[in-house]
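What follows is a short report on a single structure.
The values are calculated or read from the model by the stated rules, or taken from the named source; none is laboratory data. This is a predicted model, so every value here is computed, not measured. Cβ sites come from the backbone with ideal geometry, for glycine too, and all protein chains shown count toward neighbours.
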Amino acid sequence: MAAPSGEAPLTAATNIEPFYVLHKGAGASSASSSSASSLPTSGRARRRIDVSGTASPSPKPVGKRCRGEAAAADDDDGDAEAYERLRLEAFRRVWSKIQSTIDEVLRGISLKLFDQVLQWAHESFSAVRSVVRPSAAQVRQPYPLLTDVICRKIPTAFVLTKNAEFVDDITTFRDLAEHLGSNGCHLAKLSATELSEKHGVSGCFRSLLRQLLSDVPDVADMFALASWYSAEENYDQPIIVVIDDLEQCSGDVLGELVMMLSEWVIKIPIFFVMGIATTIDAPRKLLSSEALQRLEPCKLTLGSATDRMNALVEAILVKPCTGFCISHEVAVFLRNYFFKHDGTITSFISALKLACSKHFSIEPLSFLCMGMLEEDCENFWRNKFDALPQVLRKYASGLPSCTREKDSIKSSNNMVEGLSELMKIQKDWSSVLLCLYEAGRHGKVQLLDIFCEAVNPELQTQKIPNPPTGKSGSIRRFIDQAIDTIRYLPVETLFHLLEVWSIHLKGMDKISDKVKELQSTTISTDAVRITKDKWPRRSTNSTGNTTAPLNDKVAMLLDDVTRKFLVPFECLPFHEIICFKNVSILQSALIGNPRRMVQLDLLKPRKHLRCSCCRKSGVAVLASMHDTSIMCNLAQEYGDVINLHDWYLSFDGIINSTHSKVKRKPHTSPSKKKSKSIAAESEAMVQARFCRAVTELQITGLLRMPSKRRPDLVQRIAFGP
């Protein structure tokens with residue numbers, strides 16, 4: 001292809017360097033607008049002028065009526081900004097509540113492990129000191145004590161995390177280090193990067209000294225550590241070295257460090273805490289047999305990711321304490337994202353935060369979620385409702401949940417009463433759902449599965465007392481499984497289950513009374529069973545199977561309560577204010593397909609640019625479109641490979657089609673100025689624009705450039721709309 005002529009001005013149109021930004025915003029700087037004025041007159045230049053013109057129209061004389069309309073528009077803009085700030089404040093407050101709840105729950109789950117590690121550290125320190133207690137002078141000697149081989153073993157706690165990804169272990173080991181440090185232990189953390197072959201044993205030992213000593217000498221050796229530990233304030237506490245990801249460490253470097261520290265373990269009690277994500281056999285695969293003989297292992301296990309997920313779902317999604325909830329589709333998506341994507345708590349929390357932020361940015365009345373965090377929520381909602389502009393009041397009364405069933409609930413047309421009723425129903429829903437989970441956990445039913453069924457709007461338990469068997473099995477499979485588990489529980493487990501139910505059902509007096517009746521029946525049945533065991537001959541054929549009818553009664557009670565009180569959020573008025581339902585936003589953000597999204601944006605640029613010329617054309621390809629959009633639309637007509645020459649001819653035909661049509665159109669005005677305003681693009685300019693567009697498509701990953709064997713063909717990578 002011919003290169004651009006040297007007489008053409010050096011502007012953005014002749015610059016064929018690769019562009020990484022495909023679309024430019026409507027608001028341009030003064031410098032870009034001044035350079036745009038020097039562009040040759042073409043359809044593409046006119047489009048830029050039109051867009052900038054619509055963004056900043058020319059001033060016109062304003063009368064009294066126009067000034068009044070402008071003042072009203074300014075007031076509306078001020079209200080919109082004020083409510084946008086209010087929604088942002090609400091999001092920060094609600095998510096702060098959710099995040100603090102998450103931290104509290106995760107720390108509470110890990111606290112049992114932390115106490116076990118601390119107890120192990122104290123017991124190991126006592127065991128080491130029981131062998132020999134060296135004086136401060138002996139500790140400062142630059143050589144280890146000559147003791148038995150048994151005394152050269154380093155107490156090591158292997159913490160089995162059972163996490164698929166290390167990202168969930170970061171917070172756990174950070175909190176573990178804080179817990180040990182707050183209880184008097186000396187702490188040092190070594191990462192897998194520091195225990196790599198690149199740094200070697202000297203580099204990781206220097207990192208250890210930097211965390212313990214205030215002034216690290218130039219020569220980092222054990223004598224410097226021994227001198228620091230011999231000080232009076234450091235002498236009576238062990239040194240805990242935390243290695244959070246054992247599998248990623250270099251086995252040779254870690255083995256050499258173990259061999260070096262084991263010689264000094266009597267003088268300097270250094271213990272290891274190592275995190276293992278896979279199996280307990282990981283140290284055996286990583287370390288040499290000689291290094292393993294210098295370790296005295298202790299196995300500790302952290303709760304599984306499923307147990308932590310159940311605790312998180314109960315705290316932030318089931319219990320009505322955050323002022324935010326999710327719909328059935330979003331819940332199912334988050335469950336599949338957790339179990340099928342990477343199985344990490346961190347990814348689940350990130351997805352939930354994204355859903356929360358999108359809800360507060362999309363829903364105009366989402367700032368009312370803060371009312372659920374207030375002590376006097378009705379007064380808060382009433383004050384906010386009285387201050388609402390007419391537009392938002394009309395929007396609130398026109399919510400789909402309010403117009404769908406106007407006669408179902410008395411407070412459908414009153415937002416304050418409707419939100420108060422929603423909050424009360426949500427509390428009862430939460431209590432019944434927790435009772436279901438307490439029964440289902442004996443059958444290994446997960447809370448997230450029950451939650452996804454409980455928020456399904458097709459459930460409609462308040463309207464279908466006896467749904468068809470097939471429909472019930474498909475909609476409430478896990479709920480029925482939890483209820484069916486009760487029928488096979490022993491008396492002791494059943495009595496404990498009823499005790500837990502009585503705690504969850506506080507405030508629901510009628511249901512609590514029925515639970516108390518069943519508790520008394522359970523006690524009497526247990527007494528009969530004890531009597532039968534004590535005097536089997538006297539009890540023969542007198543009691544029969546007394547636990548089966550009792551289990552059936554408990555199961556029937558739970559089934560009845562579930563159908564009456566397990567009302568999904570999406571069946572209640574005004575649920576849109578607190579419930580996030582747009583699952584497509586999460587899908588595009590979390591399971592993104594950037595190449596497909598770029599191609600869709602190029603195929604439909606009018607959705608982003610919103611220019612007048614593209615709006616009139618519909619789906620036609622116009623010369624006023626961006627060059628890359630034109631090329632992408634033309635590429636849809638080809639298969640796996642595209643002939644560059646044919647592609648260029650099609651592109652040239654689109655670019656110059658506007659000029660040919662203008663020439664053939666009869667002009668009513670004899671003005672020569674208008675006929676010369678639109679000039680055909682030169683061949684060099686078209687080639688330059690073609691090269692730049694092809695380069696942009698390559699950068700975005702939509703095609704592969706020509707090879708040396710076939711320089712006339714490019715290969716398509718992305719297919720489909």
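Some notes on this structure:
- Taken over segment 189-202, the criterion of being in contact with a Leu (Cβ under 9 Å, 6 or more places away or on another chain), assigned to a loop (DSSP other than H, G, I, E, B) and not small (Gly, Ala, Ser) is satisfied by 194, 195.
Residue-wise test of (1) touching a Leu at 6+ places or on another chain (Cβ under 9 Å); (2) modelled with pLDDT of 90 or more; (3) in a helix (DSSP H, G or I).
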site	(1), (2), (3)
94	yes, yes, yes
100	no, yes, yes
120	yes, yes, yes
137	no, no, yes
143	no, no, no
158	yes, yes, no
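- Residues of segment 203-227 that turn out to be outside any loop (DSSP other than H, G, I, E, B) and either under 17 Å from residue 253 (Cβ atoms) or within 39 Å of the chain's Cα centre (by Cα) (or both), as a count: 11
- Residue 678 vs. criteria of a type in the set (A, V, I, L, M, F, W, C) and at pLDDT 80 or above: no
- The residue of segment 253-294 that is surrounded by the most Cβ atoms within 10 Å (Cβ to Cβ), among those that are of a type in the set (S, T, N, Q) and part of a loop (DSSP other than H, G, I, E, B), is 288.
- For segment 173-188, the candidate set comprises residues that are in a loop (DSSP other than H, G, I, E, B) and not small (Gly, Ala, Ser); within that set, the residue that is nearest to residue 272 (Cα to Cα) is 185.
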